[in-house]
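The values are calculated or read from the model by the stated rules, or taken from the named source; none is laboratory data. This one's a predicted model, so the numbers in the text were calculated from it and none came from an experiment. Please note: Cβ atoms are built from the backbone with ideal geometry, for glycine as well, and neighbour counts cover all protein chains shown.
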Ligand SMILES: Cc1cc2nc3c(=O)[nH]c(=O)nc-3n(C[C@H](O)[C@H](O)[C@H](O)COP(=O)(O)OP(=O)(O)OC[C@H]3O[C@@H](n4cnc5c(N)ncnc54)[C@H](O)[C@@H]3O)c2cc1C
């Protein structure tokens, strides 16, 4: 079995999820290849030293800023050359945009947001949540044009080592032509912890009453060294940026600890966070649906509970 993992990069280095994909590939065995697309070869050697197998490196100035149209065309060329059976990408914002497009371009089967995979007799079965996480389904691909999947973050540890070599690839120049050009990338919140990579997330909902109370959320997140998330209700209300939205139309997160504050627990929110390892809910309504998925629940007014929790964590963590 040949497996191609797609190592997306940020600031010239592979994102953490790239190493998780290598670990996912290792878990079922086979010949591992890693696609490394960038404007420089900087990240390729690290991928090779951490078990990326044949690190197929395409270097071109058009690959500096992510452009799913160009990336998909370049990857299609690599897929035509190496014929992998399984193609794994990260279930990140960019990864989802890319791998769906790529599967369509190659005429392969696609499973998004998978949380596990197995292989028997070269037949891969992936596991993915369906119906908002209420059902866990097993998916196999029929047909021979490759099985494409995006892997949810933190379902695998990062590969630390393993065999690998950097292989420089050249691709036909037409692959770098696109209808759309990405000219600039602006980082929205410098210094903030990335939501999809965070181990701890404190998320705010409409129960926070207004943007003036959100510093209470930021304070708890800072005390725990975590990131700040939001429900769609408060993003739509303009209290928080879209980049913080968790859920069906926002980010899927999988932290060790997710604290939902003043969030009712609508299914569209739950699909983005219910696989978190530990969920703590703070809500003044003891019947709020969020308590159905929470490991720990605190019933009460968030405006009173948050300062007390923050003070307690600050004291505990500094002693
Ligand atoms: C197609 C579609 C896609 C969607 N995508 C998303 C998505 O990606 N993410 C998402 O989050 N939503 C999404 N939604 C919206 C979703 O259905 C809910 O409307 C939304 O999640 C509700 O946000 P909320 O829990 O903050 O607000 P509410 O449902 O209004 O809940 C507020 C909660 O705060 C509690 N509360 C009130 N005061 C306090 C207090 N003082 N202290 C503590 N608790 C208090 C209340 O008891 C209540 O449970 C989507 C909806 C649709 C139709």
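Just to check your reading of the model, which residue among 6, 22, 28, 15 is crowded, with 24+ Cβ neighbours inside 10 Å and farther than 25 Å from residue 179 by Cβ?
Of 6, 22, 28, 15, the one residue that is crowded, with 24+ Cβ neighbours inside 10 Å and farther than 25 Å from residue 179 by Cβ is 22.
Given the condition farther than 30 Å from residue 156 by Cα, surrounded by 21 or more Cβ atoms within 10 Å (Cβ to Cβ) and either touching a strand residue (DSSP E or B) at 6+ places or on another chain (Cβ under 9 Å) or not assigned by TED's automatic domain parsing to the domain that holds residue 154 (or both), answer yes or no: does some residue in region 255-265 qualify?
Scanning region 255-265 turns up at least one residue that is farther than 30 Å from residue 156 by Cα, surrounded by 21 or more Cβ atoms within 10 Å (Cβ to Cβ) and either touching a strand residue (DSSP E or B) at 6+ places or on another chain (Cβ under 9 Å) or not assigned by TED's automatic domain parsing to the domain that holds residue 154 (or both).
Given the criterion more than 23 Å from residue 92 (Cα to Cα), modelled with pLDDT of 95 or more and assigned by TED's automatic domain parsing to the domain that holds residue 226, identify the matching residue among 279, 290.
Within the list 279, 290, the selection yields 290.
Would you please list the contacts, defined by Cβ atoms under 9 Å and residues six or more apart or on different chains, that run from a residue in region 158-170 that is under 25 Å from residue 62 (Cβ atoms) to a residue that is surrounded by 11 or more Cβ atoms within 10 Å (Cβ to Cβ) and at pLDDT below 95?
Close Cβ pairs (under 9 Å, with a partner that is surrounded by 11 or more Cβ atoms within 10 Å (Cβ to Cβ) and at pLDDT below 95) amount to 166/41; 168/41.
Filtering region 45-67 down to residues that are within 18 Å of residue 95 (Cα to Cα) and part of a helix (DSSP H, G or I), which residue is farthest from the chain's Cα centre (by Cα)?
62
Which of the strands (runs of 3 or more DSSP E) contained wholly in region 132-248 include at least 1 residues that are more than 15 Å from the ligand (Cβ to nearest atom) and modelled with pLDDT under 90?
135-140
I'd like to check something: does region 275-289 contain any residue that is within 10 Å of the ligand (Cβ to nearest atom) and within 19 Å of the chain's Cα centre (by Cα)?
Scanning region 275-289 turns up no residue that is within 10 Å of the ligand (Cβ to nearest atom) and within 19 Å of the chain's Cα centre (by Cα).
I'd like to verify a number: residues in region 249-267 that are within 6 Å of the ligand (Cβ to nearest atom) and in contact with a helix residue (DSSP H, G or I) (Cβ under 7 Å, 6 or more places away or on another chain), how many?
So the answer is 5.
Only one of (1) at pLDDT 95 or above; (2) within 14 Å of the ligand (Cβ to nearest atom); (3) closer than 24 Å to residue 134 by Cβ is not met by residue 296, so which one is it?
(2)
Against the conditions (1) assigned to a strand (DSSP E or B); (2) touching a helix residue (DSSP H, G or I) at 6+ places or on another chain (Cβ under 8 Å), where does residue 70 fall short? Just the number, please.
(1)
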